[in-house]
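Following: one structure in structure tokens, then a few remarks.
The values are calculated or read from the model by the stated rules, or taken from the named source; none is laboratory data. Remember, it's a predicted structure, so these values are computed and weren't measured experimentally. No Cβ is skipped: glycine too gets one built from the backbone with ideal geometry, and neighbour counts run over all protein chains shown.
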Amino acid sequence: MTWVWAMALAFLAAPSGRASDFGHRFDEIVAGATPAQLYAFLYDMPKGGDLHNHAAGSNRAEWMYAICTDPARNGGETFYTRTHFSGASDSVDPRALFQTIRRKTYDMLPGPAKAQFVPLASLTPAERVGWCASTRLDGAGDGRLEFFSRIWPRLAQLNQCLPLATELLVENMKAFGAEHLAYVETQFVLDGMVDNDGNAIPDEAAVAFVKRRLSMPDAASTGVTIRFQATILRFSPDAEMRLAKAYAFVDAHRDLWVGLNMAGIEENGYGYPSRFLDTFRRMRARYPTLPLSIHAGEMDGPDRHVRDTLLLGASRIGHGINLIKDPDTLLLMQQTRRVLVEVNLISNRLLGYVPDLSAHPFPEYLRTGVPVCLNTDDRGMWDSNMTDEYYTAVTLFHLSWGEILKMGRDSLARSFVQPDVKARLLSEFDQRIATFEGKYGTAPIEGALGSLASVKPVAYGYAKRTWGLDFR
């Protein structure tokens, strides 16, 4: 009977017949396509889910500007931005330029400070270019300091405007739908939303507002299923209290909010995972199981954050870059295959955690049994999209078709969405993949490459700056 077991094991180890059949054509396309054709092919390819997505960091500058300057879309709000300083230039902190505030804040400023701000809608063309550039990492020298310490404060009051935030959610859904993404599980927080008079918006009113907007035809027609995670800034002094509050909120709104996350720069020592172990244990004693996806291992050097984050109960790890430097935890994750690493290639490059992406640990995780998927993280600030992540991975790491399918399925199977919705998403993913394979797999290779002329990718600044790809 030895041969029977050998055949059974071989069957279980082999990729599905469809992946194997199309795998040769996939390799032909990757080898024979021009860079523009390969990008179009990957743009057209069905994708699973984006599981590591910061809603406030995913908004393109052009979308933000359009909505901020349109009262019909932003709830009647007026935004002002700082374009100059009235003091001596040598004392100016450059991070304060293009700080954008709401009318209530503007009205409360003293005269000299108020004179430094202008209505966002009145920016000159040159100022508008500068404002857009101030929201993303697109310049020489931009990196971790610009991202964590400058961009987020510039946009802080935009992220407190509920109509603006929900409009931007829908813009993201439209863009993701165009590149055939099925599911987004974004970190979207209602805590801190205030109305145009500066009053806090009650949770239930904010939830109802979001539901109404997502039920509108333009959101529904994107074909993208969206769910939320509540996120806690890990190094804030009151993070334990905020964690308990977020637990209660998600438990009360499990139809849209499906999990918890903890974020924030890990170099800040006040956010270490073990700080929260007692709080998580108290919450688990009080509430039914609530899925956790927590940032960990987004560090330059080795530490125990990934291991300690597993102890918190996380079933997904965000980033996990330095997991490669913790052999015991890596071995555990290879053997159990229970925890998925949310890989963010472009983020890791632009923030300097892995400046040379050819040295990224992603292929080691993928090919040693650690479940992984590709994600966009803060795509608006990177000026990128999901296709950029796949193009990076395919061109650097020579992904096989079977590996792409596995990542796509894992991104859905390990999402926190409700089981019935998950089953639907997985079934639809298989159907869309079958259609895609039929489109590119039946004609001769010349015909398959020729058909890419009809695909019209939408690429942004990252693709143009990195690979010279511009489809405008």
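When the residues of region 47-56 are filtered to those that are over 12 Å from Thr387 (Cβ atoms) and over 8 Å from the mean Cα position of the chain (by Cα), the one that is surrounded by the most Cβ atoms within 10 Å (Cβ to Cβ) is Gly49. Filter region 30-82 for residues that are farther than 23 Å from Leu374 by Cα, part of a loop (DSSP other than H, G, I, E, B) and of a type in the set (A, V, I, L, M) and give the result. Result: Ala72, single match.
Need the failing condition index for Trp152 against (1) closer than 18 Å to Ala263 by Cβ; (2) aromatic (Phe, Trp, Tyr); (3) in contact with a Leu (Cβ under 9 Å, 6 or more places away or on another chain), just the number. The one condition Trp152 does not meet is (3). Screening Arg337 with (1) in contact with a helix residue (DSSP H, G or I) (Cβ under 6 Å, 6 or more places away or on another chain); (2) surrounded by fewer than 15 Cβ atoms within 10 Å (Cβ to Cβ); (3) modelled with pLDDT of 95 or more gives one miss only, at (1).
When you go through Ile346, Ile324 one by one, which is the residue that is touching a Pro at 6+ places or on another chain (Cβ under 6 Å), assigned to a helix (DSSP H, G or I) and aliphatic (A, V, I, L, M)?
Values: Ile346 fails: touching a Pro at 6+ places or on another chain (Cβ under 6 Å).
Matching residue, one of Ile346, Ile324: Ile324.
Summed over region 394-418, the residues that are in contact with a strand residue (DSSP E or B) (Cβ under 6 Å, 6 or more places away or on another chain) and part of a helix (DSSP H, G or I) give a count of 5. Per the listing Ser274, Ser293, the residue uniquely modelled with pLDDT of 95 or more and over 20 Å from Val189 (Cα atoms) is Ser274.
Only one of the listed residues (Leu260, Leu277) is in a helix (DSSP H, G or I), on the phi < 0 side of the Ramachandran plot, among the aliphatic types (A, V, I, L, M) and in contact with a helix residue (DSSP H, G or I) (Cβ under 9 Å, 6 or more places away or on another chain). That residue is Leu277.
Considering region 135-151, and only residues there that are in contact (Cβ under 8 Å) with a residue 40 or more places away in the chain and among the small types (Gly, Ala, Ser), the residue that is surrounded by the fewest Cβ atoms within 10 Å (Cβ to Cβ) turns out to be Ser149. Taking interchain pairs and intrachain pairs at least six residues apart, which have beta carbon atoms under 6 angstrom, with the first residue in region 59-73 and among the aliphatic types (A, V, I, L, M) and the second at pLDDT 95 or above? As it stands, the answer is Ala61/Cys132; Ala61/Thr135; Ile67/Arg73; Ile67/Asn74; Ile67/Leu164; Ile67/Glu167, since those pairs meet every condition given.
Quick check, is Val421 part of a loop (DSSP other than H, G, I, E, B), at pLDDT 95 or above and either closer than 26 Å to Val258 by Cβ or among the aliphatic types (A, V, I, L, M) (or both)?
no
Filtering region 219-238 to residues that are of a type in the set (S, T, N, Q) and either out of contact with any helix residue (DSSP H, G or I) (no Cβ under 6 Å at 6 or more places or on another chain) or loosely packed, with under 15 Cβ neighbours inside 10 Å (or both) leaves Ser221, Thr225, Gln229, Thr231, Ser236. If you scan region 153-200, which residues turn out to be touching a Pro at 6+ places or on another chain (Cβ under 8 Å) and assigned to a helix (DSSP H, G or I)? Across region 153-200, there are no qualifying residues.
The single condition from (1) free of Cβ contacts under 8 Å to residues at least 24 places away in the same chain; (2) within 25 Å of Met283 (Cβ to Cβ); (3) of a type in the set (Gly, Ala, Ser) that Gly192 fails is (1).
Yes or no: Pro15 at pLDDT below 95 and surrounded by 13 or more Cβ atoms within 10 Å (Cβ to Cβ)? Against the criterion (at pLDDT below 95 and surrounded by 13 or more Cβ atoms within 10 Å (Cβ to Cβ)), Pro15 qualifies. Filtering region 296-311 to residues that are in contact with an Asp or Glu (Cβ under 7 Å, 6 or more places away or on another chain) and not in a loop (DSSP other than H, G, I, E, B) leaves His305, Val306, Arg307. When you check Leu181 against the structure, is it touching a strand residue (DSSP E or B) at 6+ places or on another chain (Cβ under 7 Å) and among the hydrophobic types (A, V, I, L, M, F, W, C), yes or no? When the stated conditions are applied, Leu181 passes them. Looking across region 442-460, the residues that are assigned to a helix (DSSP H, G or I) and crowded, with 19+ Cβ neighbours inside 10 Å come down to Ala448, Leu449, Leu452.
Against the list (1) touching a residue at least 40 places away in the same chain (Cβ under 8 Å); (2) loosely packed, with under 15 Cβ neighbours inside 10 Å; (3) within 27 Å of Val341 (Cα to Cα), the condition Gly402 fails is (2).
Is at least one residue of region 121-134 modelled with pLDDT of 95 or more, more than 28 Å from Ile346 (Cα to Cα) and outside any helix (DSSP H, G or I)? Yes, region 121-134 contains at least one residue that is modelled with pLDDT of 95 or more, more than 28 Å from Ile346 (Cα to Cα) and outside any helix (DSSP H, G or I).
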